1. May I ask what percent, to the nearest 5, of DSSP beta bridges between residues of the chain are antiparallel?
2. Once every DSSP H run of n ≥ 4 in the chain is given -39500 (n - 2.57) and the sum is divided by its residues, what mean residue ellipticity at 222 nm do you get, rounded to the nearest 500 deg cm²/dmol?
3. Students often get this wrong: which residues of segment 25-62 have the backbone nitrogen under 20 Å from the point 7 angstrom along Cα-to-C-beta of Ser156?
4. What are the extents of the Cα atoms of segment 80-146 along their three principal axes, in Å, largest first?
5. Near the amide H of Gly62, under 5 Å away, which other amide H atoms are found, from residues 5 or more places off or on another chain, if H is placed in the peptide plane?
6. In 5 Å bins starting at 0, how do the alpha-carbon pair distances of segment 29-115 split up by percent?
7. Exposure proxy check: Ser222, Ser163 ranked by fewest other beta carbons within 10 Å?
8. Could I have the simple spin-label model distance between Gln80 and Ala212, label points 7 Å from Cα toward Cβ, reported in nm to one decimal?
Amino acid sequence: MTATTPLLEASNVNRSYGDVDVLEGVSLTVDAGEVVALIGPNGAGKSTLIRVLTGIESPTAGSVDYGGPETARPVGYLPQQPAFRPGFTALETLAYYGSLVGDDERVAREGLARVGLEAAADRPVEALSGGMTRLLGIAQATVGEPPVVVLDEPGSGLDPGMSVHVFEVAAALADEGRGVLLSSHDLELVERNADRVVLIDGGRIVEEGTPAEITGRRDAPSLLDAFERAVAGDAGTVRLVEGSP
């Protein structure tokens, strides 16, 4: 790996379901040490793109390449609604996932500390708050030291303070040298924390750059205003690709 090799690179990715094209010609990169935020209206293709980037689904056309060092997992993934088996503590849960890649309990404790859950190590997972469950999911996504961590709506449904903390954890992961890709509808936190923003609409990338570059190109006072102008004011709608049920 060279200093200029992206940790993750999608090239001209298409994803179709039958006759329905959900992604068309999507190309993006995630580099070491940066937070890339994926934003867009509901139904724009964000979740499909995340599933392709994490290897859950294969692209219909195009490619996804990983350029990071060899580790137990090339990509760590936090789904939008993480769930853990009840009857186990936060530490036991993380230690179990760690054991799958040869980590011991010490590494699990470090993982909890990384996300600020060390005080909840002995709490049963079913007794964790929604925010704590999301943080445990982020810790699980870092098991095996993946160079890339993908977080699907990590702040969704959380109170403002916990959402801020989750974004701070994402930024800290980037500071460790990982590439972080996250999707979010909280454009204020995206503007404050993302190094680069990718705006997807109708299955295509319509804007990409730093928050300042995007607001400048759209002559907008904030990323939210730029977003609304880029998607023609339809930010609150659900997009259905033509031909979909």
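1. 50
2. -9500 deg cm²/dmol
3. 36-58
4. Its Cα atoms span 28, 23, 20 Å along the three principal axes.
5. Residues meeting the amide H criterion: Asn14.
6. 3, 10, 15, 21, 18, 16, 11, 5, 1
7. In order of increasing Cβ crowding within 10 Å: Ser222, Ser163.
8. 3.3
Since every read-out is calculated from the coordinates, none of them should be taken as a lab result. All values reported here derive from a predicted model rather than from experimental measurement. So basically every Cβ, Gly included, is an ideal-geometry build from the backbone, and we count neighbours across all protein chains shown.
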